[in-house]
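In what follows, a single structure is set out as structure tokens and then discussed.
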Amino acid sequence: MDSKQNNKLQDHKAEKLKEIPKWTRKYAQNRTLTILVLMAMLGLFSMLIAAIVGFLLALAVTGFRKGNIILGCVGAAVLAAVLAALVKFYIYIFAKFGGKNKGLLDQIIDRWIYGQEGFTSMPQTKLTKKRKFLDICLGIVFMVCILGSMQLAMLGYISVKYLLPLMALFVVPFGVYQYFIMRPRFGPVILIFPVLYAIHAILIIAGVPIYFTGTFAVPLNMLLPIIYNLLAFMVGHIYSRYALKKIKSLTHLEGDTANGD
Amino acid sequence: MEIDKIIHEPARLRIMMILAGLEQADFTFLTATLSLTRGNLNRHIEKLESAGYLEVKRSFKGKVRNTSYKITQQGSKALAQYWENLDAIRQSGQS
């Protein structure tokens with residue numbers, strides 16, 4: 001009886017060990033906090049640049065309009081200096097993290113966030129020239145659609161209520177396409193974004209008032225895809241914690257076994 | 001039917017199974033997940049590497065030196081064969 005029970009236990013252990021590759025893959029695919037931090041950094045930097053340039057531009061224009069030449073010239077000079085500094089900064093950034101060093105920034109952030117856990121990687125899909133061209137074309141089409149719908153809503157051709165459902169027509173397919181591009185580096189967590197966005201759009205059509213109205217309605221409604229993307233990456237990170245716990249429980253060795261030959 | 005003794009050792013089996021799910025993993029990840037000492041992990045890795053089951057990649061991540069491991073094609077085949085043999089033995093034991 002004891003030997004039968006022992007055999008069953010061994011079988012169970014062997015079956016559990018077979019699950020290790022599945023969980024390591026899930027863990028590696030869901031280390032998404034790196035992307036979240038990268039997106040937040042990019043967002044904050046863009047906002048800072050927009051605020052500085054916007055302020056200086058307003059200062060220069062106001063100065064010239066009111067006949068205050070000194071204020072106008074100072075504003076224009078500082079704006080030119082800021083733009084020159086920005087160009088220099090972009091050249092520096094490209095030299096450090098572009099070209100041959102592509103992906104270095106991701107690695108630095110990844111090491112900063114997940115350094116203690118070590119480094120893992122999933123195979124990357126090799127991009128053919130045809131595929132690269134297709135991705136660029138789709139990216140351009142996507143940007144034209146985004147800017148076009150924004151413009152249409154601002155000019156009043158589309159009611160703010162229908163801006164999100166209209167955008168869902170291209171944001172959702174693009175989100176699904178993004179999943180196929182990013183596979184297997186990222187897992188199905190990428191699909192959270194298009195799914196949530198589609199549900200949101202359907203609810204608006206059904207009459208639920210879940211959209212922004214007022215002066216900044218258009219830009220605020222346009223922000224939703226970013227929020228859902230951030231949410232998807234956050235869910236991914238939380239899931240990676242669970243996957244890591246699972247790997248550790250599956251690979252745990254007792255003291256003697258661990259130190260054996 | 002013979003069981004591959006190199007893979008059959010519990011720590012080495014786990015190293016192989018971890019790497020089977022990934023493209024590559026580094027030394028820190030393996031020590032952290034397996035809770036092995038650095039020396040012990042090194043010893044197991046050396047055995048797997050000399051058997052041709054693992055490939056070692058030494059590189060620099062910025063200024064930090066990094067050692068990553070990747071399962072070879074031979075290693076993947078050996079691991080699949082190991083499970084096949086083990087399952088066959090388990091089944092013959094049950095019948």
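Structure notes:
- Distance from the alpha carbon centroid of region B:1-65 to that of region A:133-154 works out to 46 angstrom.
- Considering only B:M16, A:M182, A:I136, and ranking their Cα positions along the charge dipole of the protein assembly as shown that arises from unit charges at the beta-carbon of Lys, Arg, Asp and Glu, the one farthest toward the positive end is A:I136.
- The magnitude of the dipole of region B:5-94, with charges of +1 and -1 set on the Cβ of Lys/Arg and Asp/Glu and taken from the Cα centre, is near 400 debye.
- The residue list A:P21, A:V78, A:I93 was ranked by how far each Cα lies along the charge dipole of region A:21-122 toward its positive end, using unit charges on Cβ atoms, and A:P21 comes out on top.
- The separation of region A:59-127 from region B:66-87, counted between C-alpha centres, amounts to 44 Å.
- Amide hydrogen neighbours beyond the local backbone of B:E23, cut-off 5 Å, H modeled: A:S121, A:M122
- Averaged over the residues of A:122-130, the number of partner chain Cβ atoms lying within 10 Å of the residue Cβ comes to 1.
- Using a Förster distance of 56 Å, the FRET efficiency for A:L155-B:R58 (Cβ separation, nearest 0.05): 0.45
- Dipole magnitude for region A:8-54: about 320 debye, using +1 per Lys or Arg Cβ and -1 per Asp or Glu Cβ, origin at the Cα centre.
- Residue pairs, from the table A:K22/A:K130; A:K102/A:K126; A:K102/A:K246; A:K126/A:K246; A:K246/B:K57, whose Cα atoms sit over 24 Å apart: A:K22/A:K130; A:K102/A:K246; A:K126/A:K246; A:K246/B:K57
- Shown is the FRET efficiency for A:N6 and B:E2, computed with R0 = 30 Å from the Cβ-Cβ distance and rounded to the nearest 0.05: 0.85.
- Inter-part distance, region A:194-225 to region A:228-255, computed on C-alpha centroids, equals 31 Å.
- Magnitude of the charge dipole, the protein assembly as shown, Cβ model with Lys/Arg +1 and Asp/Glu -1, debye to 20: 820 debye
- Which of B:Y53, B:L41, B:S92, positive extreme of dipole for chain B (C-beta unit charges): B:L41
- For the protein assembly as shown, calculated [θ]222 nm from helices alone, where every DSSP H run of n ≥ 4 adds -39500 (n - 2.57): -23500 deg cm²/dmol
- Region A:124-252 shape via C-alpha gyration tensor axes, a/c threshold 1.5: oblate
- For B:N66, the amide hydrogen comes within under 5 Å of the amide hydrogens of B:S59, B:F60, B:K61, counting only partners 5 or more places away or on other chains and with H modelled in the peptide plane.
- Number of partner chain Cβ atoms within 10 Å, mean per residue of A:10-18: 3
- If R0 is 56 Å, the Cβ-Cβ spacing of B:T37 and A:Y162 corresponds to a FRET efficiency of close to 0.35.
Since every read-out is calculated from the coordinates, none of them should be taken as a lab result. No experiment lies behind these values; they were computed from the predicted model shown. Every residue, glycine as well, gets a Cβ built from its backbone with ideal geometry; the counts of neighbours run over all protein chains shown.
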